[in-house]
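Q: Just dropping this structure here.
The values are calculated or read from the model by the stated rules, or taken from the named source; none is laboratory data. Worth saying up front: this structure is predicted, and the values here are computed from it rather than measured. Every residue, glycine among them, receives a Cβ derived from its backbone with ideal geometry; neighbour counts consider all protein chains shown. The accessibility values were calculated without ligands, DNA or RNA, using every heavy atom of the protein model including side chains. Shrake-Rupley method; radii C 1.70, N 1.55, O 1.52, S 1.80 Å.
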Amino acid sequence: MTTVQYSRSSAQLCKCLVNGTWQESHAKEHLPVHNPSTGEVIAQVPLGGAEDVDRAVRSAHAAYLEWREVPVVERARFMFRFRELLEKHSDDLARTVSREHGKTLAEAKASVQRGIEVVEFACGIPSLFAGETIENVATDVDCETVRHPIGVCVGIVPFNFPAMVPLWMYPVAITCGNSFVLKPSEKVPLTSIKMAELLLETGLPKGVFNIVHGARDCVDALLAHPQVKAISFVGSTAVAKHIYTVGCANGKRVQANGGAKNHIIIMPDADPDLTVQALKASAFGCAGERCMAGSLAVTVGEAADLIMPTLVSATNKMKVGRTDGDESPDMGPLISGEHRDRVRALITQGEKDGAEISVDGRNVSVDSAPNGFFLGPTIIDKAKPAMSVVKEEIFGPVLSVVRVKTIAEAIQLGDQCEFGNGAVLYTSSGSAAREFKRYFNAGMIGINVGVPAPMAWFPFTGWNSSFFGDLHMQGKESIQFYTQQKMTMTRWFKSASQFHDPIWKGKK
Ligand code: NAD
């Protein structure tokens, strides 16, 4: 990890958001934030620790004590305003996403839109917040449940969706009556800062939403802080496990989304053109840096002969380029030079293991940006189940292909997978679709769709090492995660004189 001293920072210095104001971090060290299209440093992010965390969590806790008293209908109104501001500034937000992350502008806009949909879901929380009642659960006894917020909630997020993933968390947490501390990815802090400015513009009370910056030390301080009640994490599996284990041991409620290796199974009866288009978009969209990317194609029977030549030819035509200006490439750069080199090394390992590199993106460069972190789309065909390119999450524009004889074999390959985020089947057979939906070992299933990432109203239901916890992000489960229920049982005594003759006796 390259660190720079505070005094050397010339680019934008990211500040923490505490109690409604932007404050300098106590950090002694900073990391450069790059524009991955050019390699240029565009900001410095502080590597904050326990001092920054304590300041932000205390501010959040003080705000929470008042915020929880605000009626849920009024809390939701801040989300209506936030939604309007996000919509109004969505182009600017998308450009920031492209600049700091490297997504194409179209991909960045789509990701902002997906985030806005979660805010729309949060606007409807009052109607989802209701508890349950049974009148006369026993004679003269009523029983009811209501939802209470839980306190200071924390969000720790990855680099790959700078707008969408943080928006999975705080709009719901805040509308449920909690306060929030966000730790953006240290690789892409700028979108979170812009969105926070819009949230402040809604008039949200000070301290309800806060930001701290940093990496491991900052996260460990959040995991240990006694006033933190719940942690939402999205990132790699190794870190998700760490967050879940330590967070739970410290008595926090935790939901932790991890990495993925999503299998795309292609039957011989699949529509070849639609399949190739969807496969290309799924594997190489966002340069493969998506937890729902289709990263392993499993062709059944003669499906390989029907789709591979067209897929190879379509992939060879893809234009790789910079995403920070007027060019409109099909695919942008990876997040860092270090990550690009890791992906390259995994491709080389696949080649050494005996797979066939049918499209090779390892030497792709972009003339207008020689220092950008580019890698071309790559297809590794005839891979075998034991190879690292089949088992590991590569998180780059790489599609590995395993050829099997039957759908049963394809489903068994899914059983061997460590992860369990998404899986897709391309077919025109209803019964194959049903078998696949029922038996494939993953939490999010697609039939003839590219990326089965659920929209805001449905939970993001990863399985196995793709998720640690009980209650998932998004949808109604997110409201359960950010609230605790209280049950009240009431016995109603009747005064003997007033109800000498019970009212019900005279009723029709
Ligand atoms: P990452 O795990 O490296 O980082 C995620 C967050 O954890 C960052 O905020 C980072 O600062 C922090 N972190 C990193 N190392 C840490 C450590 N040792 N201790 C404590 N905190 C640490 O992930 P990333 O590289 O930013 O993102 C890519 C990963 O995220 C991929 O594995 C991808 O599949 C996954 N992801 C999963 C989902 C999902 O919903 N399942 C969604 C998006 C991304």
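Q: Once the Cα atoms of helix 337-352 and of the chain are each reduced to a long axis, what angle between those two axes, in degrees from 0 to 90 to the nearest 10, is obtained?
A: Approximately 60 degrees, to the nearest ten.
Q: Separate question: Quick one: net charge around GLU338, please, counting Lys, Arg +1 and Asp, Glu -1 for every other residue with C-beta under 12 Å from its C-beta.
A: So the surrounding residues net to +3.
Q: Now, a different point. Work out Dmax and Rg for segment 316-423 from the C-alpha atoms and quote the Rg first, both in angstrom.
A: Both quantities, over Cα of segment 316-423: 15.4, 48 Å.
Q: Count charges around PHE436 for me, please; just the other residues with Cβ under 14 Å from its Cβ, Lys/Arg as +1, Asp/Glu as -1.
A: On the way: positive: ARG434, LYS437, ARG438; negative: ASP269, GLU409, ASP415, GLU435.
Summing Lys and Arg as +1 and Asp and Glu as -1 gives -1.
Q: Something else about it: If you wrap a convex hull around the Cα atoms of the chain, how much volume per residue is inside, in Å³? If you can, show how the numbers build up before the last one.
A: Values: hull volume 89.5 nm³, N = 508.
Cα convex hull per residue, to the nearest whole number: 176 Å³.
Q: Taking loop as defined by DSSP and a crowding limit of 10 other beta carbons within 10 Å, which GluC sites (Glu not before Pro) in segment 14-118 fit?
A: Details: sites: GLU24, GLU29, GLU40, GLU51, GLU66, GLU69, GLU74, GLU84, GLU87, GLU100, GLU107, GLU117; in loops: GLU24, GLU40, GLU69.
Of the GluC sites (Glu not before Pro), the ones in loops of segment 14-118 whose Cβ has at most 10 other Cβ atoms within 10 Å are GLU69.
Q: While we're looking at this one, here's another question. Can you give me the % of accessible surface on segment 86-223 that is carbon or sulfur? Probe 1.4 Å, all protein chains present, nothing else counted. Please report the intermediate quantities before stating the final value.
A: Values: 2110 of 4240 Å².
So the carbon and sulfur contribution to the accessible surface is 50 percent.
Q: If you don't mind, another one. Report, by chain and number, residues whose modeled amide H sits under 5 Å from the one on GLN44, excluding near sequence neighbours (fewer than 5 apart, same chain).
A: Amide H neighbours of GLN44, under 5 Å, 5+ apart: GLN12, LEU13, CYS14, VAL33.
Q: Now a separate question. Loop sites only, by DSSP: take the chymotrypsin sites (Phe, Trp or Tyr not before Pro) in the chain that have at most 12 other C-beta atoms within 10 Å and name the longest stretch containing none of them.
A: Numbers: sites that count: TRP492, PHE493, PHE499.
That gives 1-491 as the longest site-free run.
Q: For segment 387-508, what percent of Cα pairs sit more than 16 Å apart? All intermediate terms of the calculation are to be shown ahead of the outcome.
A: Values: 5480 of 7381 pairs.
Counting every Cα pair in segment 387-508, those more than 16 Å apart make up 74 percent.
Q: Considering only DSSP beta bridges with both partners in the chain, what is the antiparallel share in %, to the nearest 5? Don't skip to the answer; put the middle values down first.
A: Values: 28 of 70 bridges.
Percentage antiparallel, nearest 5: 40.
Q: Let me ask something additional. On a 1.4 Å probe surface of the protein chains, which of MET308, MET455 comes out largest in accessible area, and what is the full order? Numbers along the way, then the final one.
A: Working: MET308 10, MET455 80 Å².
Ranking MET308, MET455 by accessible area, largest first, yields MET455, MET308.
Q: Heavy atoms only, probe 1.4 Å: what % of the accessible area of segment 229-339 goes to carbon and sulfur, would you let me know? Walk me through the intermediate numbers first.
A: Numbers: 2080 of 3900 Å².
Ligands and nucleic acids excluded, carbon and sulfur reach 53 percent.
Q: Just to confirm a number: summing +1 for Lys and Arg and -1 for Asp and Glu over residues other than VAL228 whose beta-carbon lies under 14 angstrom from that of VAL228, what do you get? Mind showing how you got there, number by number?
A: Values: positive: ARG55, ARG58, LYS183, LYS229, LYS252, ARG253; negative: ASP52, ASP54, ASP220.
Here the count lands on +3.
Q: Hey, what's segment 388-497 come to in accessible area per residue, 1.4 Å probe, Å²? Spell out each step's value before the answer.
A: Working: 5400 Å² over 110 residues.
On a per-residue basis, 49 Å².
Q: Starting at the first residue of segment 406-423, write each ³J(HN,Hα) from the Karplus equation 6.51 cos²θ - 1.76 cosθ + 1.60 with θ = phi - 60°, in whole Hz, x for Gly and Pro.
A: 9, 5, 4, 5, 5, 5, 5, 4, x, 5, 7, 7, 5, 8, x, 6, x, 7
Q: A follow-up question, please. Any idea of ARG81's accessible area? Nearest 10 Å², probe 1.4 Å.
A: Result for ARG81: roughly 110 Å² accessible.
Q: Can you give me the relative contact order of segment 130-251 as a percent, contacts being Cα pairs under 8 Å and 6 or more apart?
A: Values: 169 pairs, mean separation 33.2, N = 122.
Relative contact order of segment 130-251: 27 percent.
Q: Work out from phi, with θ = phi - 60° and the Karplus expression 6.51 cos²θ - 1.76 cosθ + 1.60, the ³J(HN,Hα) of each residue of segment 150-156, listed in order in whole Hz, and give x for Gly and Pro.
A: For segment 150-156, the Karplus curve yields 10, x, 7, 10, 10, x, 10 Hz.
Q: Something else now. Once you put a point 7 Å from the Cα of ASP92 and another 7 Å from the Cα of ASP326, both along the Cβ direction, what distance in nm separates them?
A: With each label point 7 Å from Cα toward Cβ, the separation is 2.3 nm.
Q: Let me ask you something else. Just to be sure I understand: if I project the alpha-carbon convex hull of segment 157-282 onto a plane and average over all orientations, what area do I get in nm²?
A: Numbers: hull surface 41.0 nm².
That works out to 10.3 nm², a quarter of the Cα hull's surface.
Q: Skipping prolines and chain starts, which residues have an amide H placed within reach, meaning under 5 Å, of the one on SER25, given they are 5 or more residues away or on another chain?
A: Counting only residues 5 or more places away or on other chains, the set is CYS16.
Q: I'd like to compare 357-364, 188-195: which one has the highest average count of other Cβ atoms within 10 Å, and what's the full order after that?
A: Working: 357-364: 16.8, 188-195: 24.4.
Order by mean packing, descending: 188-195, 357-364.
Q: Moving to a separate point now. Summing -39500 (n - 2.57) over the DSSP H runs of n ≥ 4 in the chain and dividing by its residue number, what mean residue ellipticity at 222 nm do you reach, to the nearest 500 deg cm²/dmol? Intermediate values should be presented prior to the final figure.
A: Details: 17 runs with 193 residues, N = 508.
Using -39500 (n - 2.57) per qualifying helix, the result is -11500 deg cm²/dmol.
Q: Continuing with the same structure: Test of understanding: what is the full-extension gain from GLU435 to VAL246, defined as 0.36 nm times their sequence separation minus their Cα-Cα distance?
A: On the way: separation 189, 0.36 × 189 = 68.04 nm, distance 3.82 nm.
Value of the extension gain: 64.2 nm.
Q: Against the longest alpha carbon principal axis of the chain, how many degrees, from 0 to 90 and to the nearest 10, is the axis of helix 237-249 turned?
A: 20
Q: Return the sequence-ordered ³J(HN,Hα) values of segment 38-49 in whole Hz as given by the Karplus equation 6.51 cos²θ - 1.76 cosθ + 1.60 applied to θ = phi - 60°, using x for Gly and Pro.
A: Working through the residues one at a time gives 10, x, 5, 7, 10, 6, 10, 10, x, 8, x, x Hz.
Q: Counting heavy atoms of the protein chains only and a 1.4 Å probe, report the per residue accessible area for segment 279-362 as a whole number of Å².
A: Working: 3240 Å² over 84 residues.
Ligands and nucleic acids excluded, the result is 39 Å² per residue.
Q: If you don't mind, there's one more thing I want to ask. Compute the helix-to-body angle for 190-201: its Cα long axis versus the longest principal axis of the chain, expressed 0 to 90° and rounded to tens.
A: For helix 190-201, the angle is close to 30 degrees.
Q: In nm, what is the difference between 0.36 nm times the number of residues separating LYS391 and ASP367 and their Cα-Cα distance?
A: On the way: separation 24, 0.36 × 24 = 8.64 nm, distance 3.40 nm.
Full extension of this stretch gives 5.2 nm more.
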